[in-house]
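Reading through the structure tokens given below for one structure.
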Amino acid sequence: MDDNSLNINGRWFTDRHGRVLMLRGVNLSGNCKLPYSPYIPSHVKDGFFDHRNVSFVGRPFPLEEADEHFERLAHWGMYFIRFCVTWEAIEHKGPGIYDFEYIEYIVEILKKAKAHGIKVFIDPHQDVWSRFSGGSGAPGWTLEKCGFVLENLVESEAAIVHNLYANPADYPKMIWPSNYYKLASCTMFTLFFAGKTFAPNMFIDNVQVQEYLQSHYINSILQLVSAIVRHELNDTVVVGYDTFNEPSHGYIGIEDITKFAYNHDLRLGNTPTPFEGMILGEGNSISIENWKFTRIGFRFDKSVIANKGNVRAWNNESECIWAKHGVWDRQTLKILKKDYFFQDPVTRLKVDFHEDFWKPFALKYVNEIRKVHNKAIIFIEPAVNESPPRWSINDPHDRIVYAPHWYDGYTLIRKAFSAFLTVDFIGYKNGRYPTLLHSFSFGLPGIKGNFSRQLAHILKEGTDLIGQHPCLIGEMGIPYDMDQKRSFLSHDYSNQISALDSCLHAIENNLLNCTIWNYTSDNNNMWGDQWNGEDLSIYNNEVRLEENELNSSLITKFKGGRALEAAIRPYPLKINGIPKILSFNCHNGDFIFEFTSMSGNDALPTEIFLPKYHYRNPEEVNIQVSDGMFKLDLEAQRLSYYHDSNVQRHTVKITKRRKTFSFCTML
């Protein structure tokens, strides 16, 4: 991509000439959640609680390695990056104390991205609130300011944390999201989004808790935005900002906190109800349910006695925030207001998380960001697997992108891909199928069709509720440590290739933009992305290359790549028209692209990224176009197609090792 600013026209990204752009790239990076100095991946306990004395300088990779990684990504055709930073990385030392060394480091990394023709949008990343509640994002002092004792969160069942697990290598796979339903994370999200409504009596440093948390979050991101603008990286490199990665309801909207929440689908390990979590957090030992994952989903396993040590999650000067607000009684352990979070305590009207709380925050965020970076594109991200709020005519529509996430949960949770079966559980839950059986799809074609329908629904939902704006799937990806890491020994990544290809087929089938999760420079076979046992990075420096298949220059370019047969794909970079059909067969190299031309500058070419990974020699590439003429530059990995202005619909077909007559003229 060139260094011109990114524009928007309806549902499409466009360049300055009006050509439609299709954006492909990665999230950079999973390791940005973790301190670099001292080096504290999620399986390391030493230094974990010394949260103010850390540095994220060196994330996503050391500056001296930046050219290598950006050159690789550009060679793979991944010119658009969701660039991950965390609130903790900027403001870890304490409230209002910013790490300007880290901010300047990020600026230098962004300059390197610019040198390689890469554009980014900033993702203020978080998972289940903070590293200290089992995820990433917010500084440790945010929990402390709200009364929590970080060292007590695990024993009191307020969180499950990889760093504190007895044997980190045995940390249960994909258990970290269960923290979204535990006391620490639920409390912090409720306070952040709805503290004025549900904790009106809580103040920190004489500021109401919701305003306190939101203002610190926004102001920390503004420090980075200001540096980006000051170094003139806005628009040319940094085109915009995500709102808040995977926001959570917390307790908001739960009808009865003595029961599992309506959205509590991931039940794994010790699984208290919201009310049981509050009782445990006050140092009480009670019996709770323990769940496990089976081939047919999450199932109750047994009852266990939790918090046998009677450890309190709260400090000695604090009591449970929710007991203090009359939700339950600490002495009798009785519930007083089981529907407290279901309706506004004052108006008694039913609350809606997205409409009443997330949207006001998002609008505030948009306003503050654009005071500094006035042309910033805002990437709107609702809660995972949920509909966004309706965007009214009075809400900002200029330079807005709908940026939800999508994963095949059946593959992600099991860490296995079946070419025989998948299930659209979220679609079933949201009423898109009459029965669970109807959400099943069989065989690889059926699975690809299932994925395509899921993404078609997401696209339509965004259009119906947000409006005619571009849709970019901010996260999608697959686990590479499938089947007990069998591929790491066999070097057979066929399952991973099939899984990723099925996902990207659905992206192409819906003409969507996407950034794959993720590219982690220090990913390895033992600890994956270095965070909570996840291993979704398309890069791993321990991957073996078949050198006899690649010349020396290509070995360097593809070094460390995993499932590249599916990950690296031809696609239209710039389209002098409106895309209609996009299809790629990663096994035989067949590529089809169709578009209709617009009135405008017919002299400009449609530019297609043609990766050397699939098309290495001119003699093995056969190109057919419906009209006009083309120019092929395999060294630059570009096909420039000049369509006939007298024809409205145009087709480009590419095949390998087939001798067919081409109805075209070579420039």
Item checked: Residues of segment 72-96 satisfying the condition of being small (Gly, Ala, Ser) and surrounded by fewer than 24 Cβ atoms within 10 Å (Cβ to Cβ) -> 74, 77, 94, 96
Next item on the list: For segment 224-256, enumerate the residues that are surrounded by fewer than 18 Cβ atoms within 10 Å (Cβ to Cβ) and not aliphatic (A, V, I, L, M).
Entry: 226, 230, 231, 232, 236, 255, 256
Notebook entry, point to check: Could you count how many residues in segment 321-345 are touching a residue at least 40 places away in the same chain (Cβ under 8 Å) and closer than 30 Å to residue 465 by Cα?
Noted result: 6
Margin query: Just to verify a result, which residue in segment 419-438, among those that are within 16 Å of residue 502 (Cβ to Cβ) and over 23 Å from the mean Cα position of the chain (by Cα), is surrounded by the most Cβ atoms within 10 Å (Cβ to Cβ)?
Written below: 419
Item checked: Failed item, numbered, when residue 447 is tested on (1) in contact (Cβ under 8 Å) with a residue 40 or more places away in the chain; (2) surrounded by fewer than 21 Cβ atoms within 10 Å (Cβ to Cβ); (3) in contact with a strand residue (DSSP E or B) (Cβ under 7 Å, 6 or more places away or on another chain) -> (2)
Next item on the list: Name the single residue, out of those in segment 553-564 being assigned to a helix (DSSP H, G or I) and over 22 Å from the mean Cα position of the chain (by Cα), that is modelled with the highest pLDDT.
Entry: 558
Notebook entry, point to check: Which of (1) farther than 17 Å from residue 143 by Cα; (2) in contact with a helix residue (DSSP H, G or I) (Cβ under 9 Å, 6 or more places away or on another chain) does residue 190 not meet, given it meets every other one?
Noted result: (1)
Next item on the list: Run down 18, 58 and say which single residue is at pLDDT 95 or above, surrounded by fewer than 24 Cβ atoms within 10 Å (Cβ to Cβ) and part of a loop (DSSP other than H, G, I, E, B).
Entry: 58
Next item on the list: Return a yes/no flag: does segment 22-44 have any residue that is touching a helix residue (DSSP H, G or I) at 6+ places or on another chain (Cβ under 7 Å) and surrounded by fewer than 21 Cβ atoms within 10 Å (Cβ to Cβ).
Entry: yes
Notebook entry, point to check: Just checking, which of 141, 87 is assigned by TED's automatic domain parsing to the domain that holds residue 378, in contact with a Pro (Cβ under 7 Å, 6 or more places away or on another chain) and within 23 Å of residue 204 (Cβ to Cβ)?
Noted result: 87
Next item on the list: Scan segment 137-147 and give yes if some residue there is in contact (Cβ under 8 Å) with a residue 12 or more places away in the chain, over 24 Å from the mean Cα position of the chain (by Cα) and in a loop (DSSP other than H, G, I, E, B), otherwise no.
Entry: yes
Margin query: Here is a list: 611, 579, 605. Which entry is surrounded by 15 or more Cβ atoms within 10 Å (Cβ to Cβ), closer than 16 Å to residue 632 by Cβ and touching a residue at least 60 places away in the same chain (Cβ under 8 Å)?
Written below: 611
Notebook entry, point to check: Could you list, in sequence order, the residues of segment 193-214 that are buried (at least 19 other Cβ atoms within 10 Å of the Cβ) and within 14 Å of residue 341 (Cβ to Cβ)?
Noted result: 193, 194, 195, 197, 198, 199
Notebook entry, point to check: Is it true that some residue in segment 155-163 is closer than 27 Å to residue 476 by Cβ, of a type in the set (Asp, Glu) and buried (at least 18 other Cβ atoms within 10 Å of the Cβ)?
Noted result: no
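Listed here are the residues, each with its yes/no results for (1) surrounded by fewer than 23 Cβ atoms within 10 Å (Cβ to Cβ); (2) free of Cβ contacts under 8 Å to residues at least 12 places away in the same chain; (3) assigned by TED's automatic domain parsing to the domain that holds residue 391; (4) not in a helix (DSSP H, G or I).
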{"residue": "462", "(1), (2), (3), (4)": "no, no, yes, no"}
{"residue": "468", "(1), (2), (3), (4)": "yes, no, yes, yes"}
{"residue": "477", "(1), (2), (3), (4)": "no, no, yes, yes"}
{"residue": "496", "(1), (2), (3), (4)": "no, no, yes, no"}
{"residue": "507", "(1), (2), (3), (4)": "no, no, yes, no"}
Next item on the list: Select from segment 400-437 the residues that are of a type in the set (Lys, Arg) and not in a loop (DSSP other than H, G, I, E, B) and write down the one among them that is farthest from residue 177 (Cα to Cα).
Entry: 429
Next item on the list: Among the residues of segment 362-375, write down those that are out of contact with any Phe, Trp or Tyr (no Cβ under 6 Å at 6 or more places or on another chain) and not basic (Lys, Arg).
Entry: 362, 363, 365, 366, 367, 368, 372, 373, 374
Check: Looking at 580, 574, 557, which is the one that is touching a helix residue (DSSP H, G or I) at 6+ places or on another chain (Cβ under 7 Å) and within 29 Å of residue 538 (Cα to Cα)?
Finding: 557
Item checked: Answer residue from segment 392-409, given it is touching a helix residue (DSSP H, G or I) at 6+ places or on another chain (Cβ under 7 Å) and crowded, with 20+ Cβ neighbours inside 10 Å and is nearest to residue 239 (Cα to Cα) among those -> 402
Check: Mind checking which residues of segment 229-277 are more than 26 Å from residue 357 (Cα to Cα), without any contact (Cβ under 8 Å) to a residue 40 or more places away in the chain and either in a loop (DSSP other than H, G, I, E, B) or not assigned by TED's automatic domain parsing to the domain that holds residue 384 (or both)?
Finding: 232
Check: Does residue 180 fit the bill of being touching a Lys or Arg at 6+ places or on another chain (Cβ under 9 Å), part of a helix (DSSP H, G or I) and buried (at least 20 other Cβ atoms within 10 Å of the Cβ)?
Finding: no
Notebook entry, point to check: In segment 193-208, is there at least one residue being free of Cβ contacts under 8 Å to residues at least 24 places away in the same chain, assigned by TED's automatic domain parsing to the domain that holds residue 98 and on the phi > 0 side of the Ramachandran plot?
Noted result: yes
Notebook entry, point to check: Give me the pairs: first residue in segment 50-72 and touching a residue at least 40 places away in the same chain (Cβ under 8 Å), second residue of a type outside the set (Lys, Arg) and surrounded by fewer than 19 Cβ atoms within 10 Å (Cβ to Cβ), beta-carbon distance under 7 Å, and six or more apart or on different chains, which are they?
Noted result: 52/94; 55/37; 57/37; 57/101; 58/37; 63/108; 70/116; 71/116
Margin query: Could you tell me how many of the residues in segment 278-294 are without any contact (Cβ under 8 Å) to a residue 24 or more places away in the chain and farther than 21 Å from residue 340 by Cβ?
Written below: 4
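The values are calculated or read from the model by the stated rules, or taken from the named source; none is laboratory data. All figures in this text were calculated on a predicted structure; none of them were measured in a lab. Note: ideal-geometry Cβ built from the backbone for every residue, glycine included; neighbour counts use all protein chains shown.
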